[in-house]
Amino acid sequence: MKKLIVAASVALAMTAGVAHAQERDLRIAFDVPYEPFEYKDEDGELTGFEVELAEAMCEEMNANCEFVIQAWDGMIPGLMARKFDLIMSSMSITPERAERVLFSDPYYNTPGGWFAPESFDTDVTDMEAMEGMTVGVQRGTTMDTYVTEEMGGVVSIKRYTTADDMVLDLEGERLDVVFVDYPVGEQTVLSKDGFKEVGEPVKLGEGVGVAMRKRDKDVAEEVNAALATLKEDGTYDTIMEKYFDYDIKM
């Protein structure tokens with residue numbers, strides 16, 4: 001857990017006196033590790049694209065933000081139980097999720113990607129050729145939904161709590177291929193010898209948004225305004241370019 005304290009108060013000189021900007025206390029949940037979006041560096045500090053974007057967003061909102069590490073499958077239940085106030089952990093906007101949570105405007109969109117050992121020579125779109133193979137996905141993601149809907153009954157689907165566990169099984173030859181968020185596959189699979197991208201990336205969902213409780217419409221307005229400002233003033237691009245060599249902005 002990492003606590004970020006942003007702008008204890010802002011004093012503004014006004015003709016009628018001095019006014020102070022209102023503060024908001026927020027707890028933001030991340031699923032770690034999910035490199036390059038959120039992970040711990042060599043010093044054990046929480047970092048990554050979404051972590052840095054959250055820090056900038058909190059500063060723009062003049063909010064006191066506490067960062068919480070939460071396993072992916074407990075994200076929405078934890079939000080509903082008020083363990084935290086926001087989910088900023090690559091949560092794709094889907095109609096099913098939108099029935100339970102309130103999403104901000106989307107702030108990035110990346111496709112799902114297929115990654116496998118260099119020896120893999122099967123067309124992932126050929127269901128006859130894929131029959132009986134074992135596909136790894138992270139549980140509860142849009143990649144999980146896609147493989148379940150498009151390939152269920154054809155392949156064996158193995159679901160994981162973390163991307164790291166999934167990659168370990170890929171290295172251990174307990175999986176034939178994995179389907180993950182494309183940048184995650186780049187960082188966790190292609191960074192290792194003996195692996196490659198297979199097939200074409202698949203665009204999923206309506207992009208990624210910050211998730212909140214339905215009642216928190218005022219928070220959503222502040223989040224949307226902050227993210228819009230960060231895109232307009234170049235802060236978003238500066239953070240994005242640290243982690244990606246391509247544009248992921250909506």
Evaluate the range 159-180: report whether one residue or more is at pLDDT 95 or above and among the polar types (S, T, N, Q). no
So which strands (runs of 3 or more DSSP E) stay within the range 1-107 end to end and still have 3 or more residues that are open to solvent by less than 10 Å² (accessible area, probe 1.4 Å), in contact with a strand residue (DSSP E or B) (Cβ under 8 Å, 6 or more places away or on another chain) and at pLDDT 95 or above? 24-30, 63-69
Does the range 229-245 hold any residues that are hydroxyl-bearing (Ser, Thr, Tyr) and open to solvent by less than 40 Å² (accessible area, probe 1.4 Å), and which are they? 236, 243
What pairs can you find where one residue is in the range 39-62 and in contact (Cβ under 8 Å) with a residue 40 or more places away in the chain and farther than 26 Å from residue 221 by Cβ, the other is open to solvent by less than 40 Å² (accessible area, probe 1.4 Å) and part of a strand (DSSP E or B), and their Cβ atoms are less than 8 Å apart, with a gap of 6+ or different chains? 46/30; 46/38; 46/67
If we keep just the residues of the range 202-218 that are among the aliphatic types (A, V, I, L, M) and open to solvent by 10 Å² or more (accessible area, probe 1.4 Å), which is farthest from the chain's Cα centre (by Cα)? 202
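The values are calculated or read from the model by the stated rules, or taken from the named source; none is laboratory data. Keep in mind that this is a model prediction, so the values were computed, not measured. Neighbour counts run over all protein chains shown; Cβ positions are idealised from the backbone, glycine included. The accessibility values were calculated without ligands, DNA or RNA, using every heavy atom of the protein model including side chains. Shrake-Rupley method; radii C 1.70, N 1.55, O 1.52, S 1.80 Å.
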